[in-house]
Every structure is written in C-alpha cells, then in structure tokens.
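The values are calculated or read from the model by the stated rules, or taken from the named source; none is laboratory data. From a predicted model like this one, the values you see are computed outputs, not experimental measurements. A quick note on method: Cβ atoms are made from the backbone with ideal geometry, for glycine too, and the neighbour counts reach across all protein chains shown.
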Amino acid sequence: MGPYLLRLTFRLAEGVARLPDGLRARHINYVQAAQNVDGGFSGREGGSDLYYTDFALRSLAILGALTPAIAERAARFLHTRLTQQTSLIDLFSLLSSCLLVQWSGGPAVLAGRPSDWPDRVAEALEGFRTSDGGYAKSVGGMSGSTYHTFVAALCYQLLGRPVPHLADLVRFVASRRRQDGGYVEIAPMRRSSANPTAAAVGLLQMAAEEMPNVLDEVGDGVLTFLAGMASPEGGLRANPRAPSADLLSTFTAAWTLEQLGGLDRLDTQQVRRYAEALQRPEGGFHGGLWDEGHDVEYTFYGLGVLALMTGPAAPG
C-alpha cells in the first residue's frame, strides 16, 4: 500500500488489537452492517461512495475484520468505478480500496487493467498539479492545496512510483508554514490548522525517503502548535479559533505528534475519554460532542484515536 499508509495501518491495527473485545465487536458489526447490496459503503446519506468505501475498508482492516467475503462484495462495487471520471480524492480512495481488497484475500480488482493503466493514472494526477508546486482539488486549479498535495503523494506511493519534481513539492510545503509553527491549507490563510499541519508533516515524511533532511525544519514548532489545540472537552480543535474539538482533528494531530515523538505533550487519558464519549452503544462514532450523526469515516478516526492512546506495544 506504500510505506506511509502501511505504517499507519499497522500501527492502528496493533493498537486496536489491544482494545476490549466487546468494544471491537460493536464497531465491527457497525461497519459490516453499513455495506450496501452493491458492495460499496455510504456516508450519512445517498448510495455507495468511493470515499466512504475506503474508510469502511480501512476501519475493518485495523479491526482485523476485513474478510475475503466482504472484500469480494466491495470488489464488485470498485469494478463499476474503474472507468468513471473521478476527483483526486476519489482516485486515491479507489487505489487504496483496491489494494485493501486484494490485501485481505479478495480479488485483484486492477488485474484486468491495460498494461499502461498506471501511466495513465500518473498522467491524470499531473493534471491536478499547480504552478506553485502543489496539487489542487480539481484539474485546472490556480494554486495548490496542502491536503490535496498530500493525497496526490499518497496516490504515487500506491502506484509504486516516486512523486515527480519532489523538490518543488517540498518548497510548496515550506511556503505553507506559518509563524505559529503549523501549516495552512491555502496560501492566503495566515493562521495554521491541525489538519493541514498533519498533511504537511506527512508529505515531508514521504519526501524524507529521498531527501533525508527535509524534516529537520519541522522542529518544536509543529509539536507546540498541535499540542496547543487541546480543548477542555478532551479532544483537539481544528484551529485556535474553533469553539470545540472534533474527532478528525484529534486523530490527525495525535498521529502527527506520535510520529514526531511528541505524543507525551497530550493528556492521553483525557483524549481517550473524549473518544470514548463519542462512541454509540451500538457501534460507530459521532464526529464530536456537538454531532448527532455518525458514519464510517468518523468511526475510523475514533478507532484510530483509541489505538494511539493505548501507546505502542512493548518491544519483544
């Protein structure tokens, strides 16, 4: 699946495996029940969707419950999406889902593609490239998005290919750094947010495979900024002006802090209690204390937070 996503998946699976059996069973049932007749998974409304299908498969993978039967049904849905025009996010979700299906013992969805299909996908990815060195949300965008640049880099790892013009990408990321120590999503923003900061650090981690010193500049600023997003509720906020915490920001910040060796800057018991409070008795997670809905995406984040708050497994 590519080094970054493999590292994430294995770390979360290791943490989730140490959660109580009853908790894991509730969330397994919740996600499995969300699979539609066509094999895909939905968000909060509408039919099967690539984005939510990927989150459902990733949730089942870290729960150790992505069975060959579920994967085979998901493969039927993925086959219907192979020839459709797609956004950058959907392209990532398609590649990730296909590899998860195959990884779990399901069919190789991409096996029947023409031999030049990876070349065509890479060419399509470059259609999202912008003059500032990043990638935009849609083809023809005038400036790059930190998050979508991170997603494009993940796509290249899923294809088993290096990101082209990597030095330009690193310069793009540097341009999104702000004095508060974090990163912004788009150039005009002056105040950093947790999720673009996590995306920027992820990009630099991937770039470090070829440019070993790119993480040197991250330093204490990112750790201080992300730890400063802690909320009295127990979770982490998206940005300093956000009125309350949310599960997405809590997960991305916690994962980034752990990757940089700074998870001890959080009160992990408080963060764990926040995530536990967002669980539904029948499985699944809300997005925050303010959220009455639930879906498989936030279930992935909730499981991820609980996995990270267990701490790493002891050596040996």
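Scanning region 66-102 for residues that are among the hydrophobic types (A, V, I, L, M, F, W, C), over 19 Å from the mean Cα position of the chain (by Cα) and at pLDDT 95 or above turns up ALA69, ILE70, ALA71, ALA74, ALA75, PHE77, LEU78. Count of region 140-162 residues, restricted to those that are outside any helix (DSSP H, G or I) and surrounded by fewer than 24 Cβ atoms within 10 Å (Cβ to Cβ), is 7. Of the listed requirements (1) within 25 Å of THR9 (Cβ to Cβ); (2) crowded, with 20+ Cβ neighbours inside 10 Å, GLU209 misses just one: (2).
Looking across region 138-151, the residues that are more than 16 Å from ASN195 (Cα to Cα) and of a type in the set (A, V, I, L, M, F, W, C) come down to VAL139, MET142.
To keep it simple, each residue is scored yes or no on (1) more than 24 Å from THR299 (Cα to Cα); (2) touching a strand residue (DSSP E or B) at 6+ places or on another chain (Cβ under 9 Å).
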{"site": "VAL184", "(1), (2)": "yes, yes"}
{"site": "PRO188", "(1), (2)": "yes, no"}
{"site": "SER193", "(1), (2)": "no, yes"}
{"site": "MET206", "(1), (2)": "yes, no"}
{"site": "GLU233", "(1), (2)": "no, no"}
{"site": "ARG237", "(1), (2)": "no, yes"}
{"site": "LEU247", "(1), (2)": "no, yes"}
{"site": "PHE251", "(1), (2)": "no, yes"}
{"site": "LEU257", "(1), (2)": "no, no"}
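Using the structure shown, decide if LEU204 is farther than 27 Å from GLY127 by Cβ and either surrounded by fewer than 24 Cβ atoms within 10 Å (Cβ to Cβ) or at pLDDT 95 or above (or both). Criteria not met by LEU204.
Pairs are defined by a Cβ separation below 7 Å, a sequence spacing of at least 6 or placement on different chains, a first member in region 222-239 that is in contact (Cβ under 8 Å) with a residue 24 or more places away in the chain, and a second member that is surrounded by fewer than 21 Cβ atoms within 10 Å (Cβ to Cβ) and among the hydrophobic types (A, V, I, L, M, F, W, C); the pairs so defined are VAL222/LEU260; LEU223/LEU260; GLU233/LEU289; LEU236/ALA230.
Close contacts from region 253-272, counting a first residue that is of a type in the set (Asp, Glu) and a second that is surrounded by fewer than 22 Cβ atoms within 10 Å (Cβ to Cβ), with Cβ to Cβ under 9 Å and a gap of 6+ residues or different chains, come to GLU258/ARG11; GLU258/PRO312; ASP267/ALA230; ASP267/GLY234. Might you check whether a residue that is touching a helix residue (DSSP H, G or I) at 6+ places or on another chain (Cβ under 9 Å), hydrophobic (A, V, I, L, M, F, W, C), closer than 22 Å to ARG171 by Cβ and surrounded by fewer than 19 Cβ atoms within 10 Å (Cβ to Cβ) occurs anywhere in region 120-129? Yes - at least one qualifying residue is present in region 120-129.
The set of residues from region 173-224 being basic (Lys, Arg) and closer than 18 Å to HIS148 by Cβ comprises ARG176, ARG177. Considering only region 10-30, I want to know if a residue exists there that is under 19 Å from the mean Cα position of the chain (by Cα), surrounded by fewer than 15 Cβ atoms within 10 Å (Cβ to Cβ) and in a helix (DSSP H, G or I). Within region 10-30, one or more residues are under 19 Å from the mean Cα position of the chain (by Cα), surrounded by fewer than 15 Cβ atoms within 10 Å (Cβ to Cβ) and in a helix (DSSP H, G or I). Scanning region 275-307 for residues that are under 19 Å from ARG18 (Cβ atoms) and not in a strand (DSSP E or B) yields ALA275, GLU276, GLY283, THR299, PHE300, TYR301, GLY302, LEU303, GLY304, VAL305, LEU306, ALA307. Of the residues making up region 43-96, just one is part of a loop (DSSP other than H, G, I, E, B), crowded, with 18+ Cβ neighbours inside 10 Å and among the polar types (S, T, N, Q), namely SER48.
One residue alone among GLU233, GLU210, GLU185 is assigned to a loop (DSSP other than H, G, I, E, B) and either basic (Lys, Arg) or over 17 Å from PHE172 (Cβ atoms) (or both), and that residue is GLU233.
Taking every residue in region 19-35 that is among the charged types (D, E, K, R) and pairing it with any residue that is part of a helix (DSSP H, G or I), at least 6 positions away or on another chain, the pairs with Cβ-Cβ distances below 9 Å are ARG24/VAL16; ARG24/LEU303.
Looking only at residues in region 172-207 that are closer than 23 Å to LEU159 by Cβ and not small (Gly, Ala, Ser), the one that is farthest from the chain's Cα centre (by Cα) is PHE172.
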